[in-house]
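The values are calculated or read from the model by the stated rules, or taken from the named source; none is laboratory data. What you see is a predicted model, and the numbers here were worked out from it, not measured in a lab. In this analysis, Cβ positions are derived from the backbone assuming ideal geometry, glycine residues included, and neighbour counts consider all displayed protein chains. Side chains are part of the model used for accessible areas, which takes the heavy atoms of the whole protein and leaves out ligands, DNA and RNA. Shrake-Rupley method; radii C 1.70, N 1.55, O 1.52, S 1.80 Å.
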Amino acid sequence: MSNKKVAAAIVTYNRLELLKESLAAVLNQTDYLSHVIVVNNMSTDGTKEYLESLDDPRVVPYNSTENLGGAGGFNQAVRLFAEELDDDYVWLMDDDTIVQPDALKYLVDFISDNPQIGFVNSVVRWGTAEGNPSWMNVPAPRGFTWQTYLNSENPGVEVVNSTFVSVMFSREMVAMIGLPQKEYFIWGDDMEYTNRIADVNRGYTVLKSVAVHKSKENSMPGDVVRESDDSRLWRYSYEFRNRVLTARRISKKELNRVLLVAFRYDFLRVAIKPNVKFRGKKLRMILAGLWKGLSFHPRIEFAKGLHNPNVRSINAIVQAYELAHPEERVTLDKEIELVDHYSLDDLKGINAAADRFIADHEAKLAARYKSSEEK
C-alpha cells in the first residue's frame, strides 16, 4: 500500500438524495481518501444547507453563486484540488455515482504500480453493482494494446478516454494539461479532458474498481435519434459543438471522421428514420452545433501556481517520426517504443518536413494554453 492521498470531487445540482448516497459511499472508502470536494451548482433543493450541516473535516464544500454546468463544476473542482489542497490525486464523479468501498484502493494501487499511466477509471455498472454496464460510461479500448496489463493481480484495460464517472489522475498531470474546459458547459468535457491526458500518458480501466451509475435510464451516449424528452433537447446543441472541438484538438483526420459520422449517422437517421420525435428541432440543433464547433476556440486554463509547460504529445511524436522517416512503416511495436521512449526533441534536425511540423505544433501549443496567473 502506498502513502498517496486522494481528493474525491463530486459535482451536484438539485439531486440531494443521490448526493447523500454518493457522498456516503465516497467517505466509506477503505484506503487513501483524504478529502471530498463537493461543488454545488446553485442547487435549490436544500443541498447548501445539507453541506453546511456536515461536520466531517474531510468534506470541502463549494457553493457556487451560479449554475456552472457540469463542465464548469468539474473545472472548479480540479481548480480547488490544485490550489487549495495538497493531495496527490483527484477522483472525479457525478452526484449519481455510487462507488464500491474498495473502488479507490484498486485505482490507486494500479496507478502506483504503473506510474507512466495518465488516468485510471472504474468499471461502471448501471443501477446496481451486478447490473449491466452503464452504456454511456463504457470507454473504447485502445486498438490492440488494451490487453497489456491483463495478467496482473489488479488488471487494467487500456482505453481511449473516460467519462467523469469515477476517473482519477495526478496533480502532475493537471500541471501539464491544465483544467477541464468550463466552456463546454455540459456534455463532452470529460472526453476532451481525458483525451488531453491520454495524449501525454495513456489511460486504463481498472477491472476490480467498480462504480454504480444511478442515472434514470441506461441510455447510449449522445443518442439524439432516440431522445424523447423535450426538456433535454437543448443539451444536444452543446453535444455536437463540443464533439467538433474535441476532434479538432486531436487531428484533422479525427475532425473529418466526426463530421462524417454526425451527418451519416445522426443527421440522416433523424431525417429519415420513422417515428423520430422532434425531428425538425433535432435537425436544426445538429447543424447549429456542428457549425458552432468549427469556430469554438476556448483557451485552456491552468490552476494558479501549477503550470508545467514541458508537456509532450504522443500524437505529435508519432506524426513527427513518420515525417522524419517517410520510408519506414511505423508498426504497432514501433509506436509503443515511441510512446515509451521518445520526445519531439529526439526528432528535431532530421529533415525539414519534421522540423516544420514540430515548430508548428509547438507554436499552436503555446497559443492554446493560458495560465490563470495571467488573468
Could you tell me, in Å, what Rg and Dmax come out for the Cα atoms of the chain?
-> 20.8, 66
Which whole-number percent is the relative contact order of segment 234-375 (Cα, under 8 Å, 6+ apart)?
-> 27
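Which order do ARG312, ARG171, ARG264 take when ranked by solvent-accessible area (1.4 Å probe, heavy atoms of all protein chains), largest first? Provide the component values of the computation, followed by the final result.
On the way: ARG312 65, ARG171 40, ARG264 160 Å².
These residues rank, largest area first, as ARG264, ARG312, ARG171.
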Counting only protein heavy atoms, what percent of the accessible surface of the chain is carbon or sulfur at a 1.4 Å probe?
-> 52
For VAL38, list long-range residues whose amide hydrogen, built 1.01 Å from N in the peptide plane, is under 5 Å from its own amide hydrogen.
-> ILE10, VAL60, TYR62
With all protein chains present, calculate the accessible area of LYS48 using a 1.4 Å probe and round the result to the nearest 10 Å².
-> 80
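Over segment 105-153, what is the relative contact order in percent, taking alpha-carbon pairs closer than 8 angstrom and at least six residues apart?
Values: 20 pairs, mean separation 9.8, N = 49.
For segment 105-153, the relative contact order is 20 percent.
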Got a sec? What order do HIS307, HIS297, HIS35 fall in by accessible area at 1.4 Å, biggest, i.e. largest, first?
-> HIS297, HIS307, HIS35
Convert each backbone phi in segment 271-283 into a coupling constant with the Karplus relation 6.51 cos²θ - 1.76 cosθ + 1.60 (shift: θ = phi - 60°), then list the ³J(HN,Hα) values in order as whole Hz, x for Gly and Pro.
-> 6, 10, 5, x, 6, 7, 6, 6, 4, x, 5, 5, 4
Nearby lysines by direct alpha-carbon distance to LYS214 (threshold 19 angstrom, same-chain neighbours under 8 apart not counted) | LYS20
Using θ = phi - 60° and Karplus 6.51 cos²θ - 1.76 cosθ + 1.60, couplings along segment 38-55 (whole Hz; Gly, Pro as x) | 10, 8, 9, 7, 6, 5, 10, 10, x, 4, 4, 5, 4, 4, 5, 7, 6, 10
Given the chain, what percent of its DSSP beta bridges are antiparallel, to the nearest 5?
-> 40
What nm value, rounded to one decimal, do you get for the distance between TRP291 and GLU130 when each label is placed 7 Å out toward the C-beta?
-> 5.2
Cβ-placed point charges (K, R +1; D, E -1), dipole of segment 254-375 about Cα centre in debye, nearest 20 | 1580
May I ask you to rank HIS341, HIS361 by accessible area, largest first, using a 1.4 Å probe over the protein chains only?
-> HIS341, HIS361
Which value does Rg/Rh take for segment 138-202 over its C-alpha atoms, Rh per Kirkwood?
-> 1.00
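Can you compute the charge dipole magnitude of segment 192-331 about its Cα centre, using +1 on each Lys and Arg Cβ and -1 on each Asp and Glu Cβ, nothing else charged? Give it in debye, rounded to the nearest 20. Walk me through the intermediate numbers first.
On the way: 28 positive and 14 negative charges, 106 e Å.
Once rounded to the nearest 20, the dipole reads 500 debye.
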Please state the relative contact order of segment 13-63 as a whole percent: Cα pairs under 8 Å, 6+ residues apart?
-> 44
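How long is the gain from SER34 to ALA271 if the chain were fully straight, where each residue apart is worth 0.36 nm and the alpha carbon distance is subtracted? Could the numbers behind the result be given before it?
Working: separation 237, 0.36 × 237 = 85.32 nm, distance 5.06 nm.
Gain in length upon complete extension: 80.3 nm.
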Projected label distance in nm at GLU66 and GLU52, using a 7 Å step from Cα toward the beta-carbon = 2.2
Which ³J(HN,Hα) values, rounded to whole Hz and listed in residue order, are derived for segment 144-152 from phi using the Karplus coefficients 6.51, -1.76 and 1.60 in 6.51 cos²θ - 1.76 cosθ + 1.60 with θ = phi - 60°, glycine and proline given as x?
-> 8, 8, 4, 9, 4, 10, 6, 9, 9
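Just list whichever of LYS208/LYS253; LYS4/LYS182; LYS48/LYS281; LYS48/LYS364 have alpha carbons separated by over 32 Å in the model shown. Mind dumping the intermediate values first?
On the way: LYS208/LYS253 35 Å; LYS4/LYS182 28 Å; LYS48/LYS281 36 Å; LYS48/LYS364 42 Å.
Over 32 Å apart, Cα to Cα: LYS208/LYS253; LYS48/LYS281; LYS48/LYS364.
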To the nearest 10 square angstrom, what accessible area does ARG248 show with a 1.4 Å probe?
-> 70
Simple spin-label model, 7 Å along Cα-to-Cβ: ASP45 to PHE278 in nm?
-> 2.0
Cross-link partners among aspartates and glutamates for LYS334, C-alpha distance below 17 Å, same-chain residues fewer than 8 apart left out?
-> ASP199, GLU322, ASP346
Surface accessible to a 1.4 Å probe, LEU294 within the full protein complex, Å² | 80
